[in-house]
Amino acid sequence: MKSSLSILILLFATSSFAQSTDSITLAHFFETALTEDKAYSDLHDICKQIGPRLSGSDGASKAVVLVQKILHSLNIDSVWLQKVMVPHWVRGEKEAASIYYPGFQLKQTVPICALGGSIATPETGINAHVIEVKGLGQLQKMNPSDIKGKIVFYNEAFDQSYRETFNAYSKAVPQRWGGAMEAAPYGAVGVVVRSMAQHIDEWPHTGAMGYTDSVVKIPAVAISSKGAELLNESLKKEKDIEFFFKTSCQTRPDTTSYNVIGEIKGAEYPNEIIVIGGHLDSWDLAEGAQDDGAGVVQSIEVLRLFKTLGIKPKRTIRFVAFMNEENGGRGGAKYAEWAKTNGEKHIAAIESDAGGFTPRGFSLETNDTLRAYVQKTWKTLLDKFEIGSLDDVGAGADVDHLKGICPLLGELHPDSQRYFDFHHTGRDTWENVNDRELEMGAAAMASFVYLIDKYGLGK
Ligand SMILES: [Zn+2]
């Protein structure tokens with residue numbers, strides 16, 4: 001009796017000792033990230049020395065060199081580039097658009113931008129009547145004769161009732177991706193898509209759109225949410241209004257680019273890999289600070305924190321700056337293909353691609369047993385640092401390619417309320433990232449990676 005009680009006491013003491021030493025380590029991650037502010041300074045360099053980094057652009061090439069340089073400065077075990085062929089789409093001249101009120105001989109300009117991947121309009125632009133639909137569902141119920149020769153205006157707004165703005169995005173975004181290919185068979189001449197935004201403002205949001213080979217290609221643009229409101233109001237008053245838009249974008253041949261990779265080798269299980277990362281490419285309208293410079297520098301910061309605090313991981317911690325998430329996902333696909341071919345043993349892959357906002361926890365893509373293990377083992381400790389939200393399902397688009405060879409996929413889950421104020425717009429600049437929120441996210445990632453590395457994923 002006495003001996004089993006002392007074993008119990010010993011066990012309790014050991015586990016609470018482990019909790020308290022882990023708690024001290026996590027606190028150090030936060031203190032160091034917040035006081036040294038290195039991730040924010042890396043983000044400054046990526047945004048201000050380079051700026052926009054769309055796949056195939058000069059900016060993207062320069063970003064590869066810069067991130068490689070930052071990784072070398074960390075004195076980690078290895079740094080290398082992984083070649084990947086990427087699409088090369090260019091926007092061309094600034095787009096123009098206006099609503100024309102024929103009865104009044106009146107023209108009102110509105111902010112638009114071409115959607116990524118779109119073909120250009122003819123040089124003289126497109127001028128046509130407009131038919132408004134709330135989304136793809138409504139279009140499919142329309143009569144082709146109502147659409148033929150017109151511009152389809154997709155005006156499904158974000159559902160404001162969702163607390164998590166990414167859910168509103170997921171609901172509205174099919175009209176952006178599929179709008180042109182769905183409308184073309186009805187005889188539409190172009191599409192105008194309401195920006196994926198929470199607020200009513202003047203910023204058009206770009207983003208990827210798609211075509212299929214079997215359907216004629218028509219140009220697609222995004223209109224600012226304020227422009228969308230105006231167009232909607234105008235159509236209510238006068239069905240005969242016309243819409244004009246002009247774009248000069250172009251798809252060039254695929255070009256060579258790279259994922260940038262750096263790692264700290266594991267001291268005990270070097271063949272077990274924990275991937276961390278974000279995507280290095282960004283849309284071309286601004287600096288890609290929240291999307292996804294933030295994720296790149298936070299992941300670099302994880303390596304730096306391990307080095308600065310002298311923590312030698314048991315497993316290999318591998319950073320990947322993925323290329324081409326925005327308009328192709330080729331970098332993520334390439335990395336996963338390489339990992340499969342080489343039989344690389346991945347135990348976890350955690351990315352950050354939801355903005356540099358205050359972290360809440362992690363969304364996880366895993367089986368029920370592992371989810372239960374993670375929640376049971378680490379939630380209490382993570383909750384102490386207010387990063388214990390582990391219920392959401394999902395992983396980032398780049399690590400998602402590792403499905404099938406990596407049991408635990410995940411993504412840093414920051415507060416989502418302001419992300420779509422910046423996402424894919426001209427406002428996504430370094431000044432619009434808060435340094436403390438960004439660093440908190442980096443420390444959150446370091447904390448989670450530290451626990452996965454130290455304890456593994458159980459039996
Ligand atoms: Zn992104």
Tell me what the chain gives for mean residue ellipticity at 222 nm when only DSSP H runs of n ≥ 4 count, each as -39,500 (n - 2.57), the sum divided by the residue total, rounded to 500 deg cm²/dmol.
-11500 deg cm²/dmol
How many angstrom lie between the Cα centre of region 215-245 and the Cα centre of region 421-449?
33 Å
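Can you compute the charge dipole magnitude of the chain about its Cα centre, using +1 on each Lys and Arg Cβ and -1 on each Asp and Glu Cβ, nothing else charged? Give it in debye, rounded to the nearest 20.
That gives a dipole near 780 debye.
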Among the listed pairs K62/K246; K69/K312; K171/K384, give every one whose C-alpha distance is greater than 24 Å.
K62/K246; K171/K384
Bin by bin, in steps of 20 Å, what percent of the Cα pairs in the chain do you find, going until the bin that has the longest distance?
25, 50, 21, 4, 0
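If we count GluC sites (Glu not before Pro) as exposed when they sit in a DSSP loop and have at most 11 other beta carbons within 10 Å, what is the longest stretch of the chain that avoids them all?
269-459
Please compute the net charge surrounding F30, taking Lys and Arg as +1 and Asp and Glu as -1 over other residues with Cβ under 12 Å from its Cβ.
Numbers: positive: K384, R436; negative: E31, E36, E301, E386, E439.
Around F30, the surrounding residues sum to -3.
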Centroid-to-centroid separation of region 365-412 and region 268-345 [C-alpha atoms, Å]
17 Å
Under Karplus coefficients 6.51, -1.76 and 1.60, residue-wise ³J(HN,Hα) of region 78-85 in Hz, glycine/proline x:
8, 9, 8, 10, 10, 5, 8, 7
Order these by the 10 Å Cβ neighbour count, fewest first: I76, I112.
I76, I112
Considering Cα pairs under 8 angstrom that are at least six residues apart, work out the relative contact order of region 251-335 and quote it in whole percent.
45 percent
Computed ³J(HN,Hα) along region 367-375: with the Karplus parameters 6.51/-1.76/1.60, θ = phi - 60°, integer Hz and x for glycine or proline, the list is 7, 4, 5, 5, 4, 5, 4, 4, 5
Contact order relative to length for region 51-175, counting C-alpha pairs under 8 Å separated by 6 or more residues, stands in percent at 15 percent
Fewest Cβ neighbours within 10 Å first, please rank L408, L451 accordingly.
L451, L408
Using modelled amide H (1.01 Å from N, peptide plane; none on Pro or chain starts), what sits under 5 Å from the amide H of D201, excluding residues fewer than 5 places away?
S225, K226
List the residues, sorted by chain then number, that are 5 or more residues from V84 or on another chain and whose placed amide H is less than 5 Å from its amide H.
S257, Y258, N259
Using each residue's phi in region 35-42, evaluate 6.51 cos²θ - 1.76 cosθ + 1.60 at θ = phi - 60° and report the 3J(HN,Hα) Karplus result to the nearest Hz, with x for Gly and Pro.
7, 7, 6, 6, 4, 5, 6, 4
With contacts defined as alpha carbon pairs under 8 Å and 6 or more residues apart, what's the relative contact order of the chain in percent?
21 percent
For region 18-94, the charge dipole (Cβ of Lys, Arg +1; Cβ of Asp, Glu -1; about the Cα centre) points to a positive end, and the Cα of L66, V90, A39 closest to that extreme belongs to V90
If unit charges are put on Cβ atoms (+1 for Lys and Arg, -1 for Asp and Glu) and the dipole of region 357-424 is taken about its Cα centre, the option from C406, S416, F385 lying farthest towards the positive end turns out to be F385
If you rank S73, S257, S282, S98 by fewest surrounding Cβ atoms within 10 Å, what's the result?
S73, S98, S257, S282
Can you give the charge dipole size of region 346-423 about its Cα centre, rounded to the nearest 20 debye, using +1 on the beta carbon of Lys and Arg and -1 on the beta carbon of Asp and Glu?
320 debye
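Each reported figure results from applying straightforward, stated rules to the coordinates on display, with no laboratory input. As the structure is a computational prediction, the values presented were derived from the model and not from experiment. Please note: Cβ atoms are built from the backbone with ideal geometry, for glycine as well, and neighbour counts cover all protein chains shown.
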